[in-house]
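The values are calculated or read from the model by the stated rules, or taken from the named source; none is laboratory data. Given the structure is predicted, the values throughout are model-derived calculations rather than measurements. Here Cβ is always computed from backbone atoms with ideal geometry, including for glycine, and neighbour counts include all displayed protein chains. Note: accessible area is taken over every heavy atom of the protein model, side chains too, but ligands, DNA and RNA are not part of it. Shrake-Rupley method; radii C 1.70, N 1.55, O 1.52, S 1.80 Å.
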Amino acid sequence: MARIDVRKTYKLYIGGAFPRSESGHSYEVTDSKGKFVANAALASRKDVRDAVVAARKAAAGWAGRTAYNRGQILYRIAEVMEDRRPQFEEAVRQSEGVTAAVARGQVDAAVDRLVWYAGWADKLAQVIGNANPVAGPFFNHTAPEPTGVVGVLAPQESSLLGLVSVVAPVVVTGNVAVVVSSYERPLPAVTFSEVLATSDVPGGVVNILTGDAATLGPWLAAHMDVNAIDLGGVAGDTELATSLEVAAADNLKRVRRAPAAEPDWAAEPDLSAMTAFVEAKTVWHPIGI
Amino acid sequence: MAFEYAPAPESRSIVDIKPSYGLFIDGEFVDGRGTSFKTINPATEETLAEVAEASEADVDLAVKAARRAFRGWSRMSGKERAKYLFRIARILQERGRELAVLESIDNGKPIKESRDVDVPIVAAHFFYYAGWADKLDYAGLGPNPQPLGVAGQVIPWNFPLLMLAWKIAPALACGNTVVLKPAETTPLTALLFAEICQQADLPPGVVNIVTGAGSTGQAVVGHPDVDKVAFTGSTDVGKAIARAVAGTDKKVTLELGGKAANIVFDDAPIDQAVEGIVGGIFFNQGHVCCAGSRLLVQESVADEVLSRLKRRMGTLRVGDPLDKNTDIGAINSAEQLARIRELSDIGESEGAERWAPPCDLPSSGFWFPPTIFTGVTQAHRIAREEVFGPVLSVLTFRTPAEAVEKANNTPYGLSAGVWTEKGSRILHMASQLRAGVVWANTFNKFDPASPFGGYKESGYGREGGRQGLAAYLKGADL
């Protein structure tokens with residue numbers, strides 16, 4: 001008799017733990033052909049707030065790590081992901097309805113993207129920071145610092161490569177993230193959170209909520225303890241994106257605007273996903289004897 | 001003891017203020033289609049001139065002129081654009097005294113500041129960005145950097161000409177054209193700058209100046225053919241602008257309010273720190289977004305710092321902005337004076353102790369003596385809200401961690417000061433303070449090569465330095 005498989009419960013990832021939604025709600029996730037795959041937790045407003053609290057708690061510690069250490073941890077995420085490639089390939093194939101070969105390509109690219117960003121940890125400040133030759137006896141320099149808690153509405157279509165491409169730049173620069181996954185394709189994000197939990201990423205640095213960006217986005221955009229927001233997950237929905245940008249103005253969040261359509265995630269990224277969420281700090285240090 | 005000084009007024013004969021001014025659009029002064037308003041000397045309340053209030057139609061004309069000029073200006077080689085900016089920088093230096101006197105008359109700031117700080121930095125700013133115009137490929141802001149188009153710029157009244165320079169110089173260097181609205185109470189130096197653009201033979205439409213109040217500013221920011229919005233002013237207006245541009249492709253930089261902590265440790269050189277505290281809050285009558293308006297002093301030296309601070313405040317000279325010995329000039333407007341009075345009264349009613357040195361204030365004009373509040377808690381409104389006047393709130397702390405916590409306990413994050421002899425402590429504090437500019441053993445220093453801008457609700461984007469170019473180029477962030 002065939003063995004009955006043990007199925008995984010897909011949960012949220014908040015503060016390093018895997019809770020269900022406090023609302024008790026879940027929703028049916030289907031594959032690209034509409035066949036039931038699993039129930040995912042349907043995150044609520046309260047889950048958003050809990051995730052922001054967890055993120056804020058982790059912010060100072062993560063920003064205070066050395067850039068070298070953050071780079072090591074990002075590289076570690078890539079290692080652990082590489083180790084679980086078959087699982088991610090299956091999840092992407094199922095979610096996106098692509099061939100096994102295409103899914104494999106997505107996973108490879110996602111791992112490679114993590115490696116690419118890992119290397120930026122201790123280089124970005126050298127590339128976008130500088131000494132300033134002021135007309136006076138001061139050593140004056142400008143360097144990037146993390147903005148703080150960043151809300152990320154992850155892409156709806158690219159369930160893994162897109163997700164990694166927006167989360168890695170946020171955390172490699174020392175920010176912490178509250179991520180809302182793709183609504184219809186959330187399972188690779190949940191599996192990704194299991195990788196994060198076993199890659200020395202401190203709890204709270206990345207929090208992943210499965211649910212609807214249109215429902216959760218407004219709470220995240222209006223939250224006064226969130227410093228910035230990436231609206232990529234509502235690409236193409238101009239009306240919603242505009243209302244989120246208006247809400248974000250309440251505490252002058254840094255906003256990465258939603259594009260008209262999801263970009264080609266396979267393309268080599270530029271620095272913009274990192275520079276959108278850093279602050280330039282300038283320090284005047286006296287020179288004298 | 002206070003020394004007696006004979007009056008030493010700077011002559012105002014160097015400036016020629018016309019009875020009325022139009023708008024500067026497409027290289028010429030034109031009559032506005034709207035009404036006009038008066039600009040006054042805040043030290044005397046005399047009317048200086050009638051100035052046109054640009055209507056929406058006027059702003060539209062200015063944007064159209066800027067759009068027409070953009071084609072030629074953006075395609076001109078950087079080398080040639082640079083020469084125009086160098087020309088402007090030189091004329092600013094040549095006419096420096098005239099600009100300084102006019103600035104002091106229209107704004108109320110002491111001549112020693114307009115002459116020695118504002119105008120020299122204005123010229124330096126054009127000089128600095130002139131040199132960038134043909135070197136943008138080397139700025140590290142991506143390959144083949146491209147200008148945005150027409151920049152709509154709205155500036156405040158506290159540093160009228162300096163804020164103009166911060167906005168116009170990088171915009172032009174990157175190949176953009178501009179429509180700039182100076183503040184309602186301080187339009188005159190911007191209009192003199194327009195004359196300088198004419199003297200420099202700057203192509204028509206590259207710089208357009210539209211005077212007016214809030215509605216003119218809204219027309220500039222909201223114009224559909226403006227590609228870039230740059231604003232310096234209050235956080236409330238900054239938020240309104242962020243809402244207004246939501247859903248558009250307009251690139252935005254906002255330089256907003258502040259409530260900076262000036263932190264004095266027990267090992268600081270006290271006399272030097274006292275000078276820094278005074279400069280931090282009383283420079284420009286405290287009309288400074290990055291003013292060190294919250295003094296955080298370590299408990300063990302609080303009494304000593306305060307007594308020396310009070311003694312020093314007793315020697316500050318408040319009065320005629322054109323007098324070369326004046327330290328504190330006139331408050332810029334009746335409205336601002338009312339705001340300072342209101343918040344100061346609230347400070348007293350909330351239980352803080354108010355102190356100001358004996359001070360004879362002129363009978364006409366808008367004046368407020370240098371004032372400190374002690375016994376201030378973090379909950380007091382004078383410790384939380386931007387007063388934008390010569391009013392200092394004094395709080396104390398025991399440990400560096402407490403200083404960091406208190407300093408960061410504000411929605412703002414523009415600047416901070418640290419006073420200590422210990423270099424490692426300076427750099428530690430600098431890394432912990434959530435502010436865009438940190439001054440160690442100095443305060444209120446500005447330089448065109450040094451980026452300036454805020455964290456949190458003090459806005460976003462940077463002005464000055466290499467980073468300041470990013471605000472005026474496609475794609476680039478910092």
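Name the long-range amide H neighbours of residue A:279: under 5 Å, sequence gap of 5 or more, or other chain; modelled H, no Pro or chain starts.
For residue A:279, whose amide H was placed from the backbone, the distant partners under 5 Å are A:145, A:147.
Nearest 100 Å² is fine: how much accessible area is buried between A and B, summed over both sides, with a 1.4 Å probe?
Summing both sides, the interface buries roughly 3200 Å².
Mean separation of Cα pairs under 8 Å and 6+ residues apart, divided by the residue count of the stretch A:37-286: what relative contact order is that in percent?
The normalised contact order for the stretch A:37-286 reaches 26 percent.
Per residue, what accessible area does the stretch B:261-440 have, given a 1.4 Å probe and all protein chains present, in Å²?
For the stretch B:261-440, the solvent-accessible area averages 36 Å² per residue.
Per-residue counts of other Cβ atoms within 10 Å, averaged by peptide: what ranking do you get for A:115-128, B:286-299, highest first? Each step should come with its number before you reach the end.
Working: A:115-128: 18.3, B:286-299: 25.3.
Taking the mean over residues of other Cβ atoms within 10 Å, the ranking is B:286-299, A:115-128.
Under 5 Å between amide H atoms, partner at least 5 residues away or on a different chain: which partners does residue A:32 have, H built in plane at 1.01 Å?
So residue A:32 has HN proximity to A:97.
Sum up the charges of everything whose Cβ sits under 15 Å from the Cβ of residue B:35, counting Lys and Arg as +1 and Asp and Glu as -1, but leave residue B:35 out.
Surrounding charge for residue B:35 is -4.
Quick one: with all protein chains in place, what share of the accessible area of chain B is carbon or sulfur, to the nearest percent (1.4 Å probe)?
Values: 8400 of 16920 Å².
Accessible surface attributable to carbon and sulfur in chain B totals 50 percent.
Within chain B, what percent of beta bridges assigned by DSSP are antiparallel, to the nearest 5?
So the antiparallel bridges amount to about 30 percent of the total.
Accessible area, 1.4 Å probe, largest first: how do B:251, A:35 sort?
On the way: B:251 45, A:35 135 Å².
The residues order as A:35, B:251, largest area first.
Less than 12 Å Cβ to Cβ from residue A:195, Lys/Arg counted +1 and Asp/Glu -1: what total charge do the surrounding residues give?
In short, -2.
Which cross-chain or sequence-distant (5 or more) residues have an amide H under 5 Å from the amide H of residue A:134, H modelled 1.01 Å from N in plane?
Here the answer is A:140, since their amide H atoms fall under 5 Å of that of residue A:134.
How much of the accessible area of the stretch A:2-152, in percent, comes from carbon and sulfur atoms when a 1.4 Å probe is used?
53
With the other protein chains left in place, how much accessible area per residue, in square angstrom, belongs to chain A at a 1.4 angstrom probe?
About 42 Å² of surface per residue is accessible.
What average number of partner chain Cβ atoms lie no more than 10 Å from the Cβ of the residues making up A:129-137? All intermediate terms of the calculation are to be shown ahead of the outcome.
On the way: counts 4, 6, 1, 9, 5, 8, 9, 4, 1.
Per residue, the average neighbour count from other chains is 5.
In peptide B:459-471, how many Cβ atoms from other protein chains are near each Cβ within 10 Å, on average?
3
For the stretch B:35-128, which GluC sites (Glu not before Pro) are in a loop by DSSP, counting at most 12 other Cβ atoms within 10 Å?
Sparse-neighbourhood loop GluC sites (Glu not before Pro): B:45, B:46.
Applying the Karplus parametrisation 6.51 cos²θ - 1.76 cosθ + 1.60 with θ = phi - 60° to the phi angles of the stretch B:62-73, what ³J(HN,Hα) value in whole Hz is obtained for each residue in order, glycine and proline being reported as x?
5, 5, 4, 5, 5, 5, 4, 6, 4, 3, x, 5
Ranked by accessible surface with a 1.4 Å probe, highest first, in what order do B:335, B:342 come?
B:335, B:342
Hey, any idea what % of the stretch A:178-289's accessible area is carbon plus sulfur with a 1.4 Å probe? Can you show the working numbers first?
Values: 2130 of 3820 Å².
Of the solvent-accessible surface of the stretch A:178-289, carbon and sulfur hold 56 percent.
Of the beta bridges DSSP finds with both residues in the protein assembly as shown, what % are antiparallel, to the nearest 5?
Counting DSSP beta bridges with both partners in the protein assembly as shown, the antiparallel share is about 35 percent.
Sequence gap at least 6, Cα distance under 8 Å: using those rules, report the relative contact order of the stretch B:261-440 to the nearest whole percent.
29
Considering only DSSP beta bridges where both residues belong to the stretch A:37-286, give the percentage that are antiparallel (nearest 5).
40
Please compute the net charge surrounding residue A:149, taking Lys and Arg as +1 and Asp and Glu as -1 over other residues with Cβ under 9 Å from its Cβ.
Local charge sum for residue A:149: 0.
Residue B:460: accessible area at probe 1.4 Å, nearest 10 Å²?
Around 50 Å² of this residue is reachable by solvent.
Under 19 Å Cα to Cα from residue B:228, which lysines show up? Leave out anything in the same chain fewer than 8 places away.
Output for residue B:228: A:253, B:64, B:167, B:181, B:239, B:250, B:251, B:474.
Please state the relative contact order of chain B as a whole percent: Cα pairs under 8 Å, 6+ residues apart?
18
Just to confirm my numbers, what's the Cα centroid distance between the stretch A:1-73 and the stretch B:17-88 in Å?
56
When Cβ neighbours within 10 Å are restricted to other protein chains, what is their mean count per residue of peptide B:130-142?
Rounded to a whole number, the mean comes out at 1.
With a 1.4 Å probe on protein heavy atoms only, tell me which residues of the stretch A:238-271 lose at least 50 Å² of accessible surface in the complex relative to the chain by itself.
Residues shielded by partner chains are A:249, A:252, A:254, A:257.
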